[in-house]
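Student: Once you've had a glance at the structure underneath, I'll fire off some questions.
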Amino acid sequence: MYFPSWLSQLYRGLSRPIRRTTQPIWGSLSRSLVLSSQRRNPEFSSFVVRTNTCGELRSSHLGQEVTLCGWIQYRRQNTFLVLRDFHGLVQVIIPQDESAASVRKILCEAPMESVVQVSGTVISRPAGQENPKMPTGEIEIKVKTAELLNACKKLPFEIKDFMKKTEALRLQYRYLDLRSFQMQYNLRLRSQMVMKMREYLCNLHGFVDIETPTLFKRTPGGAKEFLVPSREPGKFYSLPQSPQQFKQLLMVGGLDRYFQVARCYRDEGSRPDRQPEFTQIDIEMSFVDQTGIQSLIEGLLQYSWPNDKNPVVVPFPSMTFAEALATYGTDKPDTRFGMKIIDISDVFRNTEIGFLQDALSKPHGTVKAICIPEGAVSEVQKFFSTRNLFANFIMELKRQELIRLMETQEEDVVLLTAGEHNKACSLLGKLRLECADLLETRGVVLRDPTLFSFLWVVDFPLFLPKEENPRELESAHHPFTAPHPSDIHLLYTEPKKVRSQHYDLVLNGNEIGGGSIRIHNAELQQYILATLLKEDVKLLSHMLQALDYGAPPHGGIALGLDRLICVVTGSPSIRDVIAFPKSFRGHDLMSNTPDSIPPEELKPYHIQVSWPTDSKAAKAH
Ligand code: ASP
């Protein structure tokens, strides 16, 4: 394995535009990220003992005296040693002559992954021994002095990307996992993108980067919050699920273009691809409408997009929530492929098939279908084979009509469902994705990972029926979201029908952002909180008061940075783009967090643990 000189490429892009390439194959292509306004390569070796990085030396450095620091990646026949740092690999010649016995001893005896410092001359490799796969493959280092900076004990796993290791092991030894090429690439790309976002927002568009508290109070509705005990008996802080209230209050305070790389906390238990703490690019603006926010975000993403990825095409298409649900069965459609949901209710209106008639006679009853191209020659057919008999019967009856409506071909499979509109659509939406998985296991490329398909989803409902009690309402997003201007009258008559001024940003089937135009009228906010949502308005009296003191119209958005970087880098999990993530169950496996606290340390907080009697936790204590 050779560590490509991707980083220098990444920065070399600074001064000249680089042709956009498709997704680089691991380790085989140099990677680049254009920072258009920055014109200089950063100085990687300022303030430190090394003169150069391991990955940067070329024939142009021949004859130079250099000092390098790095980890021992590889040693061959006590003659060659390959030294690695974040920038790449370089070959070091272990001196064989007697006078250099001490240098040889250090370099031959140091275990792999030990940290060494070597000084010597850059020389060219003997003819025929150049390594074209290695960016530094034309040269090697003739060592004069060497120092073992720190020896490495036997590692729990090898620092080679191709070595398979469980995620639990990677998380337990995260500091070792971070040495891998992939983690280095992901975290450095993340830093680059955030840098560009700051530049775009602050320098090009006058935004102000403002930090807001993470010790806050409980917010009604929305996600569950983590509690932090205080020394006042029975009083707690909450960790905010987002800076929502603060950013709106900043608008009232006249800081009319705010942004923050904000840490947010949600105690939502274990869910795949969620983290209890995560990062948002949080934005709020005064005097803005939906199109203003959308244009800002399109520009922001285009500006900060890595140059080695397929480009971001703006403006992003837009779809209403109703259309997304009807066509893709979800509010975050993956628009990289078709297999759209088709309404075939009319085909079955006059048939005798009992369950279809039954479904169609109910309110919002429909028959819907999706067509899986070449499903019959793939796993898809096996997956659904138990229902084949009945399907054949339906097809016999309605073959021609269905073929025409759904444009089916010889080997296609049609999946059909009947029932209430939303339920039927979301079922087919899930099957659509499962079938895509099945087809892709057979090598069909439906969701090209190098394509970036952005989509705005708009016109969400303002309220949803509460899960626990469907007769009550809850905010579809958060209670500060403004109603759609043309639906305001419905607030007082049919609030369930009110659409909101909320917008979601979807990328390749992932929700990567969401925001809204906010309510800036205290009376309307009070009505929604107290009358429609039945919330305790005392908890939000500061917000209601602020809106009454000359609050400007305002709106904003938050981009989920972890998810965005995950999609950009094509990583399998958001944990791969976070330096120290929590496990699936919300634990830090490296430091064993959360951890127990001795009872005496809980006393100042007036807290006592009531141990569950039958749980494993109780047994453990
Ligand atoms: N605070 C919202 C969220 O975290 C985003 C927004 O409305 O700006 O989802």
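Student: Using a 1.4 angstrom probe and counting only protein chains, how large is the accessible area of LYS538 in Å², to 10?
Tutor: Roughly 150 Å² of LYS538 is accessible to a 1.4 Å probe.
Student: Could you work out how far apart the two model spin labels at LEU464 and ARG218 are, taking each label as a point 7 Å from the Cα in the direction of the beta carbon, and quote it in nm?
Tutor: 2.2 nm
Student: Between HIS484 and residues 5 or more places away or on another chain, which pairs have amide H atoms under 5 Å apart, with H built 1.01 Å from N, and which residues are they?
Tutor: For HIS484, the qualifying residues are ARG499, SER500, GLN501.
Student: Report, ordered by chain and residue number, the lysines lying within cross-link reach of LYS153, taken as a straight Cα distance under 29 Å and ignoring same-chain residues fewer than 8 apart.
Tutor: List returned: LYS105, LYS142, LYS144, LYS164, LYS165, LYS582.
Student: Please tell me the relative contact order of the chain in percent, rounded to the nearest whole number, where contacts are Cα pairs under 8 Å and at least six residues apart.
Tutor: Numbers: 1151 pairs, mean separation 80.4, N = 621.
Relative contact order here is 13 percent.
Student: Using just the C-alpha positions of the chain as equal point scatterers, what log10 of I(q)/I(0) does the Debye formula give at each q in 0.05, 0.07 1/Å?
Tutor: So the normalised log intensities work out to -0.31, -0.60.
Student: Rounded to a whole number, what % of the accessible area of the chain do carbon and sulfur atoms account for, probe 1.4 Å? Before the final figure, lay out the partial values.
Tutor: Details: 16700 of 31260 Å².
Its accessible area is 53 percent carbon and sulfur atoms.
Student: I've got another one for you. Before I look further, what does the stretch 146-258 give for accessible area per residue, probe 1.4 Å, in whole square angstrom? Intermediate values should be presented prior to the final figure.
Tutor: Values: 6020 Å² over 113 residues.
Solvent-accessible surface per residue comes out at 53 Å².
Student: Something else: Output ³J(HN,Hα) for the stretch 588-595: one whole-Hz value per residue in order, computed from phi by the Karplus curve 6.51 cos²θ - 1.76 cosθ + 1.60 with θ = phi - 60°, and x for Gly and Pro.
Tutor: Whole-Hz 3J(HN,Hα) from phi for the stretch 588-595: 9, 6, 6, 9, 6, 10, x, 10.
Student: Also, I was wondering about something else. So what are the ³J(HN,Hα) numbers for the stretch 445-451, from phi and the Karplus equation (6.51, -1.76, 1.60; θ = phi - 60°), rounded to whole Hz, Gly and Pro as x?
Tutor: Values, residue by residue: 8, 8, 10, 4, x, 8, 8 Hz.
Student: Something else: For LYS368, list the lysines whose Cα falls under 25 Å from its own Cα; do not include residues on the same chain fewer than 8 positions away.
Tutor: Partners found: LYS332, LYS340, LYS382, LYS398, LYS423, LYS430, LYS496, LYS497.
Student: Here's something else I'd like to know. State the Cα centre-to-centre distance between the stretch 502-581 and the stretch 221-265 in whole Å.
Tutor: 11 Å
Student: Sorting check: for 574-581, 347-354, 241-248, which peptide has the highest mean count of neighbouring beta carbons within 10 Å, and how do the rest follow? Don't skip to the end; give the middle numbers.
Tutor: Numbers: 574-581: 19.5, 347-354: 13.6, 241-248: 22.4.
So the order, starting with the most tightly packed, is 241-248, 574-581, 347-354.
Student: Separate question: Considering amide H positions built from the backbone, and no H for Pro or chain starts, which residues 5 or more places from ILE94, or on another chain, come under 5 Å of its amide H?
Tutor: Placed amide hydrogens put PHE80, LEU81 under 5 Å from ILE94.
Student: Shifting gears a bit: Please compute the length gained on full extension between LYS603 and GLN77, using 0.36 nm multiplied by the number of residues separating them and subtracting their Cα-Cα distance. Before the final figure, lay out each step's value.
Tutor: On the way: separation 526, 0.36 × 526 = 189.36 nm, distance 6.19 nm.
Taking 0.36 nm per residue and subtracting the Cα distance, the gain is 183.2 nm.
Student: In percent, how large is the relative contact order of the stretch 529-595, given Cα pairs closer than 8 Å and 6 or more residues apart?
Tutor: On the way: 27 pairs, mean separation 8.3, N = 67.
Answer for the stretch 529-595 is 12 percent.
Student: At a Förster radius of 22 Å, what calculated FRET efficiency corresponds to the Cβ-Cβ distance of ASN310 and ASP273, to the nearest 0.05?
Tutor: 0.45
Student: As an exercise, use a Förster radius of 35 Å and the Cβ-Cβ distance of HIS205 and GLU323 to find the FRET efficiency, rounded to the nearest 0.05. It would help to have the intermediate numbers written out before the result.
Tutor: On the way: r = 31 Å, r/R0 = 0.89.
After rounding, the FRET efficiency stands at 0.65.
Student: Ordering GLU600, GLU410, GLU472 by accessible area with a probe of 1.4 Å, largest first, what comes out?
Tutor: Values: GLU600 120, GLU410 170, GLU472 70 Å².
From most accessible down to least: GLU410, GLU600, GLU472.
Student: Nearest 500 deg cm²/dmol is fine: what mean residue ellipticity at 222 nm does the chain get from its DSSP H runs of n ≥ 4 alone, each adding -39,500 (n - 2.57), divided by its residue count?
Tutor: Values: 18 runs with 164 residues, N = 621.
Mean residue ellipticity, 222 nm, calculated: -7500 deg cm²/dmol.
Student: Hey, can you grab everything whose amide H is under 5 Å from the amide H of LEU451? Only 5+ residues off in sequence or another chain; H modelled, so Pro and N-termini drop out.
Tutor: The answer is none.
Student: With θ set to phi - 60° and the Karplus curve 6.51 cos²θ - 1.76 cosθ + 1.60, what are the ³J(HN,Hα) couplings of the stretch 99-112 in order, to the nearest whole Hz, using x for Gly and Pro?
Tutor: For the stretch 99-112, the Karplus-derived couplings read 5, 9, 4, 5, 5, 4, 4, 4, 6, 8, 9, 5, x, 4 Hz, x marking Gly and Pro.
The values are calculated or read from the model by the stated rules, or taken from the named source; none is laboratory data. Bear in mind the structure is a predicted one, so any value in this text is a computation, not a measurement. Cβ coordinates were reconstructed from backbone atoms using ideal geometry, including for glycine residues, and neighbour counts include every protein chain displayed. To get the accessible areas, we keep the full protein, side chains included, count just its heavy atoms, and leave off ligands, DNA and RNA. Shrake-Rupley method; radii C 1.70, N 1.55, O 1.52, S 1.80 Å.
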